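Student: Submitted below is the structure of interest, expressed as structure tokens.
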Amino acid sequence: MRQELKNIFGKVFITITVDTENRWVSTNWVGYLTQDNIKAGAFAYTKAVKDVGFSCVLNDTSEVLGSWDHSLDWVVNEWASQAAAAGIKHFAMITSPETFAGATASNFFANNKAFEVKVFGDKASAKAWLRQHSINK
């Protein structure tokens, strides 16, 4: 299953893919993100996780431009507990550490207590870590 969400300008801001081989839901966020985009995307992939019964997310934010600090409080204090209730246990976040988005990802990692989060600078490392929790279960 593959799903794309578009912003008000018709540009895709997130692609969500169910990876049945690896038993995780994969996301790819792109561009500048509004609070509404983040909420819509987060709810969409959380629903996908719940629908397929997986517990792992490969969340690629390496193509995000700018900070998403405007949504950090909501992500940590509201969405994270809902995501955990939907089944998310392991969350691999790929980011570019030298960007504003990377700084926000680090804040998310430091403040989230609902499920296990690891932040990675490359997709291969993120996948290797996530496979320990998805395929071997």
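The values are calculated or read from the model by the stated rules, or taken from the named source; none is laboratory data. Here the structure is a predicted model, which means the values were calculated and not measured. No Cβ is skipped: glycine too gets one built from the backbone with ideal geometry, and neighbour counts run over all protein chains shown.
Student: Go through the stretch 72-84 and count every residue that is within 13 Å of the chain's Cα centre (by Cα) and either within 20 Å of K47 (Cβ to Cβ) or assigned to a loop (DSSP other than H, G, I, E, B) (or both).
Tutor: Residues that pass the stated criteria total 6.
Student: Within the stretch 35-62, count every residue that is surrounded by 15 or more Cβ atoms within 10 Å (Cβ to Cβ) and either in contact with a Pro (Cβ under 8 Å, 6 or more places away or on another chain) or not aliphatic (A, V, I, L, M) (or both).
Tutor: 14
Student: Applying the selection to the stretch 8-31, what residues are within 14 Å of E63 (Cβ to Cβ) and of a type outside the set (A, V, I, L, M, F, W, C)?
Tutor: Listed by number, the residues that qualify are K11, T15, S26, T27, N28, G31.
Student: Among what's in the stretch 5-34 and is in contact (Cβ under 8 Å) with a residue 12 or more places away in the chain and loosely packed, with under 14 Cβ neighbours inside 10 Å, pick the residue that is nearest to V76 (Cα to Cα).
Tutor: Across the stretch 5-34, the extreme among qualifying residues is V12.
Student: Sticking with this one: Return yes or no: is A44 within 14 Å of the chain's Cα centre (by Cα), modelled with pLDDT of 95 or more, small (G, A, S) and farther than 22 Å from G121 by Cβ?
Tutor: yes
Student: Follow-up question, since we're still on this one. For the stretch 74-83, state whether one or more residues are among the β-branched types (V, I, T), surrounded by 18 or more Cβ atoms within 10 Å (Cβ to Cβ), modelled with pLDDT under 90 and farther than 20 Å from I16 by Cα.
Tutor: No, that holds for no residue.
Student: Restricting the search to the stretch 31-68, which residues are acidic (D, E) and touching a helix residue (DSSP H, G or I) at 6+ places or on another chain (Cβ under 7 Å)?
Tutor: Once the filter is applied, which keeps residues that are acidic (D, E) and touching a helix residue (DSSP H, G or I) at 6+ places or on another chain (Cβ under 7 Å), the stretch 31-68 yields only D60.
Student: Another question, if that's okay. Residues being in contact with a Phe, Trp or Tyr (Cβ under 8 Å, 6 or more places away or on another chain), assigned to a helix (DSSP H, G or I) and at pLDDT 75 or above: count how many of those fall in the stretch 101-137.
Tutor: The qualifying residues number 4.
Student: Suppose we keep only residues that are in contact with a Gly (Cβ under 6 Å, 6 or more places away or on another chain) and either in a loop (DSSP other than H, G, I, E, B) or small (G, A, S) (or both) within the stretch 4-56. Which one would you say is nearest to R131 (Cα to Cα)?
Tutor: Only one residue tops the list, namely S55.
Student: State all residues of the stretch 47-73 that are touching a Leu at 6+ places or on another chain (Cβ under 9 Å) and modelled with pLDDT of 95 or more; if no residue qualifies, say none.
Tutor: Residues satisfying the conditions are C56, V57, L58.
Student: Tell me, which residue of the stretch 23-36 that is at pLDDT 95 or above and of a type in the set (S, T, N, Q) is nearest to S96 (Cα to Cα)?
Tutor: N28
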